[in-house]
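The values are calculated or read from the model by the stated rules, or taken from the named source; none is laboratory data. Small disclaimer: the values here were computed from a predicted structure and weren't measured. Please note: Cβ atoms are built from the backbone with ideal geometry, for glycine as well, and neighbour counts cover all protein chains shown.
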Amino acid sequence: MTSTPFYITTAIVYPNGDPHIGHAYEHIATDVMARFKRLDGFDVRFLTGTDEHGQKMQTSAEKLGMTARELADQNSARIQAMDDQLGISYDRYIRTTDPDHYEASQAMWKRMEEAGDIYLDKYEGWYSVRDEAFYAEDETEVRDGVRYAIETGTEVEWNEEESYFFRLSKYADRLKELYATDGFVYPESRRNELAGFMKDGLRDLSISRTSFDWGVPVPGNEKHVMYVWVDALTNYLTGVGFPDSNSDLFKTYWPASYHVIGKDISRFHAIYWPAFLWSAGIELPKRVFAHGFLLVDGEKMSKSIGNVVDPVDLVSSFGLDQLRFFLLREVSFGQDGSYSAEAIKSRINSDLANDLGNLAQRSLSMVAKNCEGKVPLHGAFTAEDQAMLDLANALYEPVRADFDELAFHKALERIWHVVGEANRYFTSQEPWKLRKTNLERMNTVLYVTAEVLRIVAILTQPVMPTAMGKMLDLLAVSQDARDFADLGQALVPGAELPAPAPIFPRYEEPKEG
Ligand code: ME8
């Protein structure tokens, strides 16, 4: 049986500065989804990388006395190193300076040109280098003599140059129809924002620049480089072998199942991108999910406030799986959420150390001492035993439905509800007393608890791959019995178990000095 393809992407990061926890958040969430789908039997392709062209990169490099390429090389490597430290299981790390990406971007341009959608004119208007975006006059405001984009608060500058334009206006009705008949953009609240943006129709879009040269050359007119978003969006196609649309890679994985992006770039993904693809005669991705922003202690991260959080530091302080769990459990993916050191410590100590870690430690150390270190031989299940097992066995379907909507926090809440029930079950059955009065009952309670731990660990692997892998080791679940298709394969009584070891230590403040 061939498995269903699932192609998922993150936004590609501008390597003009240090990667921060907002990038880590998006990459972790997308990684969790990729891992979930692999365990669920899908044929997954996962793309992430860096967006290296444009005026922002060129200006940042000049300030540092470097070339744009030097800055891109240096920071792209740092972002990839961050991803590796975060356990991001990408299949390709794309850099928009990769030669095959130049080829893909130029092929995309030619297709849009052949469709009659590109013409040469002059651009006169406002541009924000920080956002790499054009703004109409009524989208800007002047404060203290400086003009800013209202939506993002970034400074804009006046631009006047010869430029190629894309006939975006032609696609306004088709876009409105897309939102009306098909979900396309999620969560739904973002769709309303986009409809607002399009209410007065759409202006044609300037898609090339002549005032700097750090970009993909426009085919046939090398005085121009492409507007960075034209080449940036095309990365999703390069990642599956475009322009060779007959390649196995392209035929298997395009259209993408999900583009995961932040809410600030939904305009580019939900308006420009579908229009470019229609023009080029290429199918649209199935869904764009625009997640919320991660704030730090409730505030927007910024270098001037000095509250930019380095994800690699968080991994050293709290542990990787702990960080991954925290980010997905704490924040509803479609909405803004906040990171704080207090919040992560509290999740580590309550959800991980107390609820799951303690249950595993208490039950498995009893098994080690009283059941010869083997999966206990259980007796007949009582109504309570059966109810506990049924609760755990019923998790898969709704958890899968939550994941299909990228509702990670809901899935984890559901799983942790069962962990809570398992703690109550364990405490109320008092196996430590049964040890003296009814060994068969003790064995059964320990078996049921271990079986619940197995199901919880299998389902939680995408979020905490290392810790859940350890938990499955402790339960002697073999490597080839850890997919969701194996959820129904209950633990075999009598199987030898390794010595128990704690999985989630409590967070303790580091000692002074
Ligand atoms: O926008 N919380 O790059 P980028 C959550 N190169 N997500 C955040 C965030 C925060 N505080 N800050 C940024 C770009 N992000 C373009 C993308 S895609 C073809 C080109 C998210 O480095 C942001 O929303 O500014 C985006 O999805 C990603 O990080 C990269 O941001």
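State whether one or more residues within segment 415-427 are of a type in the set (S, T, N, Q) and more than 20 Å from ALA380 (Cα to Cα). Yes, segment 415-427 has at least one match. Please verify whether segment 350-370 includes one or more residues that are surrounded by fewer than 17 Cβ atoms within 10 Å (Cβ to Cβ) and within 16 Å of the ligand (Cβ to nearest atom). No, segment 350-370 has no match at all. If only residues of segment 293-310 that are near the ligand (Cβ under 9 Å from one of its atoms) and not β-branched (Val, Ile, Thr) are counted, the one that is surrounded by the fewest Cβ atoms within 10 Å (Cβ to Cβ) is LYS300. Filtering segment 42-57 to residues that are crowded, with 22+ Cβ neighbours inside 10 Å and more than 12 Å from the ligand (Cβ to nearest atom) leaves VAL44, ARG45, PHE46, GLN55.
Can ASP313 be described as within 13 Å of the ligand (Cβ to nearest atom), within 25 Å of LEU412 (Cβ to Cβ), surrounded by fewer than 21 Cβ atoms within 10 Å (Cβ to Cβ) and among the acidic types (Asp, Glu)? Please lay out each step first, then the result.
Details: within 13 Å of the ligand (Cβ to nearest atom): no; within 25 Å of LEU412 (Cβ to Cβ): yes; surrounded by fewer than 21 Cβ atoms within 10 Å (Cβ to Cβ): yes; among the acidic types (Asp, Glu): yes.
No.
Collect the residues in segment 47-66 that are among the hydroxyl-bearing types (Ser, Thr, Tyr) and within 17 Å of SER211 (Cβ to Cβ), keeping them in residue-number order. Selection gives THR59, SER60.
Scanning segment 257-287 for residues that are away from the ligand (no atom under 11 Å from the Cβ) and in contact with a Ser or Thr (Cβ under 6 Å, 6 or more places away or on another chain) gives a single hit, LYS286. Any idea which residue in segment 232-246 is farthest from the ligand (Cβ to nearest atom), counting only those that are of a type in the set (Ser, Thr, Tyr) and surrounded by 17 or more Cβ atoms within 10 Å (Cβ to Cβ)? Only one residue fits best here, namely THR238.
Closer than 17 Å to LEU364 by Cα, touching a residue at least 60 places away in the same chain (Cβ under 8 Å), in contact with a helix residue (DSSP H, G or I) (Cβ under 9 Å, 6 or more places away or on another chain) and not acidic (Asp, Glu): is that true of ALA467 in this structure? Steps first, answer last, please.
On the way: closer than 17 Å to LEU364 by Cα: yes; touching a residue at least 60 places away in the same chain (Cβ under 8 Å): yes; in contact with a helix residue (DSSP H, G or I) (Cβ under 9 Å, 6 or more places away or on another chain): yes; not acidic (Asp, Glu): yes.
Taking the combined requirement at face value, the residue satisfies it.
Taking segment 209-245 as the range and being more than 17 Å from SER279 (Cα to Cα), modelled with pLDDT under 95 and among the polar types (S, T, N, Q) as the test, only SER211 passes.
Does ASP385 meet the test of being under 21 Å from LEU359 (Cα atoms) and without any contact (Cβ under 8 Å) to a residue 40 or more places away in the chain? It is false that ASP385 is under 21 Å from LEU359 (Cα atoms) and without any contact (Cβ under 8 Å) to a residue 40 or more places away in the chain. Screening the candidates ASP83, ASP73 for the property of being away from the ligand (no atom under 15 Å from the Cβ) and part of a helix (DSSP H, G or I) yields one hit, ASP73.
Within segment 198-231, the residues that satisfy the criterion of being of a type in the set (D, E, K, R) and either surrounded by 21 or more Cβ atoms within 10 Å (Cβ to Cβ) or at positive phi (or both) are ARG209, ASP231. Scanning for something away from the ligand (no atom under 15 Å from the Cβ), over 20 Å from the mean Cα position of the chain (by Cα) and buried (at least 22 other Cβ atoms within 10 Å of the Cβ), does segment 378-385 turn up at least one residue? No; the residues of segment 378-385 include none that is away from the ligand (no atom under 15 Å from the Cβ), over 20 Å from the mean Cα position of the chain (by Cα) and buried (at least 22 other Cβ atoms within 10 Å of the Cβ).
Looking across segment 1-41, the residues that are away from the ligand (no atom under 14 Å from the Cβ) and over 20 Å from ALA407 (Cβ atoms) come down to MET1, THR2, SER3, THR4, PRO5, TYR7, GLY41.
When ALA290 is tested against (1) within 10 Å of the ligand (Cβ to nearest atom); (2) of a type outside the set (Asp, Glu); (3) surrounded by fewer than 22 Cβ atoms within 10 Å (Cβ to Cβ), only condition (3) is not met. Going through (1) at pLDDT below 95; (2) within 30 Å of ALA104 (Cβ to Cβ) one by one, LEU284 falls short only on (1).
Quick one: how many residues across segment 104-135 are aliphatic (A, V, I, L, M), assigned to a strand (DSSP E or B) and modelled with pLDDT of 95 or more?
Within segment 104-135, the subset aliphatic (A, V, I, L, M) is 104, 107-108, 112, 115, 118, 120, 129, 133.
Then keep just the ones that are assigned to a strand (DSSP E or B); that gives 118, 120, 133.
If we keep only those that are modelled with pLDDT of 95 or more too, we end up with 118, 120.
Residues that pass the stated criteria total 2.
Would you pick out the residues in segment 137-179 that are in a helix (DSSP H, G or I) and either exposed (fewer than 14 other Cβ atoms within 10 Å of the Cβ) or hydroxyl-bearing (Ser, Thr, Tyr) (or both)? Selection gives GLU137, ASP138, SER169, TYR171, ASP173, ARG174, GLU177, TYR179. Beta carbons closer than 8 Å, at least 6 apart along the sequence or on distinct chains, pair a first residue in segment 291-302 that is charged (D, E, K, R) with a second that is within 7 Å of the ligand (Cβ to nearest atom) for LYS300/PHE293.
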